[in-house]
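The structure appears right after this line, and notes come after that.
The values are calculated or read from the model by the stated rules, or taken from the named source; none is laboratory data. On a predicted model such as this, the values are computed, not experimentally measured, just so you know. Reconstructed Cβ throughout: ideal geometry from the backbone, glycine too, with neighbour counts over all protein chains shown. Surface accessibility is based on the protein's heavy atoms, side chains included, excluding ligands, DNA and RNA. Shrake-Rupley method; radii C 1.70, N 1.55, O 1.52, S 1.80 Å.
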Amino acid sequence: MTEKYFKQELFPTIWCAGCGIGLAVKETAKAFKELGLDNNQISIVSGIGCSGRAAGYFNMDTIHGCHGRAIPVAEGLKRANPKLNVIVFSGDGDIVGIGGNHLIHSPRRDTDITVICINNQTYGLTGGQLAPTSAEGAVTMTSPFGSKYHPVNIQGLILANKRFFYARTTVFHIDHMRKCIKEAMQFKGFSFVEIITNCVETYGKRQGYNNAYEMLMDYKKNFKMASGKDRLEDNEIGIVRKE
Amino acid sequence: MTKKLLQGNEAICLGAIKAGMKFFAGYPITPASEIMHFLSRQKDIGFVHAEDEIAAINMVIGASLGGAKSMTATSGPGFSLKQEGIGLAHMMEVPVVVVDCQRVGPSTGMPTLGSQGDILQSAHGSHGDIFPIVFYPNSVEECYKYTIEAFNAAEDSQSPVILLTDTSTSHIYETADTEEIDKAAKIRQRTLEPFGKGTRHFTGLAHEKDAPKTRDSENYKRWIKRTKEKQTRAANNYSFYEYMGQKDSDTLLVAYGITSRVISPLRDRFAIFRPIRLFPILDELKIIAKDFKNIVVIEQNEGQYLHEVEVLLKRKIQGISVQGGEVKLSGIEEQLKVLGLE
C-alpha cells in the first residue's frame, strides 16, 4: 500500500543484501500512509552515504545534498515552505559526524523538521571506517586494533535542548520504528529518530557476525522497550520528549 | 529624484529586497556583517543567523527550492567554506545569490582592510568545472543595481550568482538614487516550481531525469556542454562594463571595484575598461583590446584577473598589483612609470 511513495522504476536499490536501510525506508513510507499524507505534502532531504541515497527513491520532490548538510538544507526548505512535512533521512556519519554542528543548532532553534538518523555505526559507502557512533573496541578499516573511543551520545545532544523529541529504535522492531517515525512527524518542533541499523557487509562481519540475521537477533536480545522515562539507557529503545 | 545616504552593504540589502528576496541566512564576518544586521530587522523576510557559513549556504539552497528567492553574504574565509555549497547549487541548478565582501587574505589575513583576492575563487572555487556569473559593482548605487541583476541572473541561469565587493565598496557611504534605478529595473520572476508539486530529485550526483547517473560518461559530457551553454546564454543578457577615458591612447587600463574608482583620474591620459560582469569574462574586452599596444590590469591581488585577461586575449599583457589593503593613486602612478607608461 506504500507503492505510491516510491519510484519503483529505480529498484533494485543500491543497498547490499542484508542491509537494514530498506526496512527503515519502508517503515517511513508506511508512517506516511498511516498519517494520511499525500506525496505533495512531504519532502525528503538526504546527505551523503548509503542512507543518503534514500531520498532518490521517494516519489516526491527530494534533495540529495552535500555530505553532512541535510539538516541546514531541510531547515531552509521548511522555513521557505512551512506547509511541507520536511524529513531528513540520512546516516550517522552524515548527521552526527561531519554534520555534527548542525545537530547542535537546528534543535536549539527548534526547527519543525523530523530527522531520521540511520545509525549503522560505520561509514558503509566508503568501505567501513570508524564512525563517531562505532562501539568501543569496534574493528574497522581505520581502527584495525579496535576503537579506543566511547561512541557519541546522540540522546544527550538532543536532550540538552529546552524542548525535544528523541526516539531510539532498531530495524528489528519494525512496528516500534513506525510508531517512532509517526510520533516524531506529529511533534511540533525538532524531532529526532535514531534507528539502529545493521550493516553486515562493512561493519558486522568485522565484529564477528556472519550475517544480517545474527545482527537482527542481537537487537532483539539486547534492546528492551522502555516507556515513560526521562532518559533511555544504552540498551533501551523508546521515546523521550519534552513539550 | 530622491537621493538617500546609504552604505554599500545597505544598498545590497535594499537591492535584494527590491529583487524579491524572501530568505537570508548568514554568519557574522567583517566586512559583510552589516548585511545581516540590516536584514535581521526586516519583518517579512525569513532570516537565520546560522551556526556557520556552511549551514548558511545550504539553508539558502533549501529555501530557494522551497520557493523563496534567497541570498547569503560573507567574506573570504566564509566564501572558502561556501564553495562546496556553491558547487552543489550549480550541479542541482538552484538559483541563489552569494555576496563576497573581500578582505585581505589568505586565512584570517587583515580582516578590516579590503582586497580583491577572491577573483579566481569566485569563478573556480568549487571542485569540478563550474561556470558562475560574477558581478562586481564599484559604488553604493551600483551595489543596489547589481544586486537586483544578480537575482535576475540567478533566475535566468538557474544557478548560484556571485556578487563581489571589497571592504571599501561595502563600507562606503554615498548618496544613491534608488528610485531612478527602480524605474529601469526589470525583476525576473521565478521559473522554478516550489517544492511540494512534483517528483523531482535534486542531487549533487551527476544525474539525468531525476535519477543519479554516476558512471555514465556520455551523460556527463552532455550535462557539462548543456550547462556551459546555459550559463553563457544567460550571462549574455548581463554584459555589464564601462569603457571610458582617452580611447586614442596606446594604453588600456583594466580595473574593477574600488581600484577602478581610485584610478578614475587617469582617464585623462589613458583608456580605462571596467568589467562589471567579471565572469564569464566579457568578449567585448577582446574587441576593445585590439586597438591598444599596452594593456595593464590593475588589481588588489597578485594578478588574478590579469591571468584571465591574458587567456582571453591570447597575448602577453602587464599588471600592477596593489597589495596590503591600501590602494593609492600615487602608488599606481609610480608603478605605471616603472612600466614606462607615464
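Overview of results
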{"read-out": "The protein assembly as shown pair-distance distribution - Cα-Cα, 10 Å bins, rounded %", "value": "3, 17, 25, 22, 15, 10, 5, 2, 0"}
{"read-out": "Relative contact order of chain B, pairs being alpha-carbon contacts under 8 Å that are 6 or more residues apart, as %", "value": "17 percent"}
{"read-out": "Simple spin-label estimate for A:Tyr149 and A:Lys33 in nanometres, 7 Å along Cα-Cβ", "value": "4.0 nm"}
{"read-out": "Peptide-level mean, for B:62-74, of C-beta atoms on other protein chains within 10 Å", "value": "5"}
{"read-out": "Size of charge dipole - the protein assembly as shown - debye, nearest 20, with Cβ of Lys, Arg +1 and Asp, Glu -1, no other charges", "value": "1340 debye"}
{"read-out": "Relative contact order of the stretch A:3-242, pairs being alpha-carbon contacts under 8 Å that are 6 or more residues apart, as %", "value": "18 percent"}
{"read-out": "Structure-based [θ]222 nm, chain B - -39500 (n - 2.57) summed over DSSP H runs of at least 4, per residue, nearest 500", "value": "-12000 deg cm²/dmol"}
{"read-out": "Accessible surface buried upon B-A contact (total; probe 1.4 Å; Å², nearest 100)", "value": "2500 Å²"}
{"read-out": "Under 5 Å, built H, 5+ apart or other chain: amide partners of B:Phe279", "value": "B:Val134"}
{"read-out": "Threshold 20 Å² - residues in the stretch B:177-222 whose accessible area is reduced by that much or more when the chain is no longer isolated, probe 1.4 Å", "value": "B:Phe195, B:Gly196, B:Gly198, B:Thr199, B:Arg200, B:His201, B:Phe202, B:Leu205, B:Ala211, B:Pro212"}
{"read-out": "Residues of type aspartates and glutamates that A:Lys78 reaches as a straight line, Cα spacing below 18 Å, ignoring anything fewer than 8 places off in the same chain", "value": "A:Asp38, A:Asp61, A:Asp110, A:Asp112, B:Asp44, B:Glu51, B:Glu193"}
{"read-out": "GNM top mover of A:Asp110, A:Asp92, A:Asp230 - chain A, alpha-carbon springs below 10 Å", "value": "A:Asp230"}
{"read-out": "Under 12 Å, Cβ to Cβ, from A:Ile118 - net charge with Lys/Arg +1 and Asp/Glu -1", "value": "-3"}
{"read-out": "Separation of alpha-carbon centers, the stretch A:67-83 and the stretch B:291-342, rounded to whole Å", "value": "44 Å"}
{"read-out": "Accessible area (Å², 1.4 Å probe, nearest 10) - B:His201", "value": "10 Å²"}
{"read-out": "Computed over the stretch B:12-53: relative contact order in percent, which uses C-alpha pairs under 8 Å that are six or more apart", "value": "48 percent"}
{"read-out": "Test item: A:78-89 mean partner chain Cβ contacts at 10 Å", "value": "5"}
{"read-out": "Rounded Å value of the spacing that divides the Cα centres of the stretch A:157-183 and the stretch B:220-255", "value": "53 Å"}
{"read-out": "Radius, Kirkwood style, for chain B when every pair of distinct Cα atoms is counted (Å)", "value": "20.4 Å"}
{"read-out": "FRET efficiency estimate (nearest 0.05) - Cβ-Cβ, B:Lys186 to B:Glu334, R0 51 angstrom", "value": "0.70"}
{"read-out": "Cβ-derived FRET efficiency at R0 35 Å, B:His127 paired with A:Thr13, nearest 0.05", "value": "0.80"}
{"read-out": "Nitroxide proxy distance, nm - points 7 Å out along Cα→Cβ at B:Glu179 and B:Ile287", "value": "3.6 nm"}
{"read-out": "Net +/- balance of residues flanking B:Val327 in space, Cβ distance below 14 Å, scoring K and R +1, D and E -1", "value": "-2"}
{"read-out": "Chain B: most fluctuating residue of B:Glu93, B:Glu308, B:Glu142 per GNM, C-alpha cutoff 10 Å", "value": "B:Glu308"}
{"read-out": "Inter-centroid distance (Cα atoms) of the stretch B:12-66 relative to the stretch B:72-146, Å", "value": "15 Å"}
{"read-out": "Accessible surface, the protein assembly as shown, averaged per residue in Å² (probe 1.4 Å)", "value": "40 Å²"}
{"read-out": "Amide hydrogen neighbours beyond the local backbone of B:Ala25, cut-off 5 Å, H modeled", "value": "B:Val48, B:Met71"}
{"read-out": "The protein assembly as shown - percent of accessible surface contributed by carbon and sulfur, probe 1.4 Å", "value": "52 percent"}
{"read-out": "Nitroxide proxy distance, nm - points 7 Å out along Cα→Cβ at B:Arg315 and B:Glu208", "value": "4.4 nm"}
{"read-out": "Computed helical MRE - 222 nm, chain A, DSSP H runs ≥ 4 contributing -39500 (n - 2.57), nearest 500", "value": "-8000 deg cm²/dmol"}
{"read-out": "Förster radius 56 Å - calculated FRET efficiency between A:Lys224 and B:Asn237 (Cβ-Cβ, nearest 0.05)", "value": "0.30"}
{"read-out": "Within a Gaussian network of chain A (alpha carbon springs, distance under 10 Å), most fluctuating of A:Ile158, A:Ile87, A:Ile98", "value": "A:Ile98"}
